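Written out below as structure tokens is the structure these notes cover.
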Amino acid sequence: MAWFAFTAWCKSTLVSFALLFLLHVQSQVAATQTPHRVMEIYDHTGQPVIHGRARVNGIRMHYVHAGQGPESLLLLHGTPKTSYYWYKLFPLLTQHFHVIAPDLRGFGDTDKPPTTDGYDSATNSQDVSELMTLLNIDKFHVHGEDRGADFAYALAATCRDRVKSLSFCEMAVSGFGLEETSYWTEENLTAQYRQKGIWCWHLGFFSIPHIPEMLIQGHEREFWEMFMKQECYNPNAIEHAALDHWVACSMQPGGLRGILETYRAGFKNAANHRALLEAGGKLKVRTMTIGAPEFFGPIVEQSISRVVERVERSEILEECGHSLALEKPERLAKCLREFMLGVD
């Protein structure tokens, strides 16, 4: 009897220790995971922006919008960001514009189709074109940064009668200079130190099938924090809450793959852009470029000049890196207001 009681006690103790160990492991896993939540953005009056979901081009697209200005401004983000990237910019613009910012296909709370097709610039430009149509906005201005600028060019070249002005920032156009920034050359490797551009090592890496997922999954926080902060002049511009949000988005089902597929569509983008130029010629749309000396810098204007008739305004924001809207939001907003509206 005593032996039976002792055995039962041992079993219950082992079970208790096993449960405690599992709870400890779960708590450690939970501590390393960032719960996804929709981040709030506010307009110039302190009111939260309006969230919406639109069924466009075969997907559900999450977007935010605010402002009662007479002109509409579409904002297109880059990697690995979402519409929340514009949280510092919204309150500086909504007094003057009706501002619309989607999560692009594969990002944030927008659908991430389980396919290798459909992440190219032609598809993305159709997504946002249909969004603006759904919102009953016929003509609008567009501002894009990073990958969003590539899509902004495709949108302006596809909808030449709808885009009133193009702000092309911190990017080179696919097919017209972007690919050259990824080459393993001494000139590219030293370009950033000479403030003559940047070596975009990630273009090739992100384009490889399967390998980036294998290496990044489980290390999303470390990878994206390194990736975003090394692009900045001031790393503190990447605030913890924003980084947590973007990391969490990349950890959603299909989140990382959706981001990477936009890079795997790179050669398709280049072919699309060359076809747009051949079919319609250089864009006549009013165009502004903004570069940062810590990243693309002068390459921005050099690249877009190959596909537009004239760059009306070109800026280099000193002491700034790749994330213009986070690092220099006031200066960026001033440029947009002056260029698009003629107001300070």
Rounded to the nearest Å, the spacing of the alpha-carbon centers of region 287-334 and region 39-92 is 21 Å
Just want the answer: with Cβ charges of +1 for Lys and Arg and -1 for Asp and Glu, which residue in 271, 243, 291 is farthest toward the dipole's positive end in region 210-310? 271
Using Cα-Cα distances under 8 Å and only pairs 6 or more residues apart, what relative contact order does the chain have, in percent? 18 percent
Here the longest stretch of the chain that holds no GluC sites (Glu not before Pro) in a DSSP loop having at most 13 other beta carbon atoms within 10 Å is 41-238
Checking the table 88/284; 112/334; 88/229; 81/284; 164/334; 139/334 against a 26 Å threshold on Cα-Cα, which pairs fail? 88/284; 112/334; 81/284
Roughly how big is region 234-331's charge dipole about its Cα centre, with Cβ charges of +1 (Lys, Arg) and -1 (Asp, Glu), in debye to the nearest 20? 660 debye
Computed [θ] at 222 nm, deg cm²/dmol, the chain (DSSP H ≥ 4; -39,500 (n - 2.57); rounded to nearest 500): -13000 deg cm²/dmol
With charges only on Cβ, +1 for K and R and -1 for D and E, what is the dipole size of the chain about its Cα centre, in debye, rounded to 20? 620 debye
Please report the relative contact order for region 124-186, taking Cα pairs under 8 Å with a sequence separation of at least 6, and give it as a percent rounded to a whole number. 32 percent
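Here, each number is a calculation from the coordinates, and none is a lab measurement. What you are looking at is a predicted structure, and each value in this text was computed from that prediction instead of being measured. Positions of Cβ are backbone-derived with ideal geometry, glycine not excepted, and every protein chain shown enters the neighbour counts.
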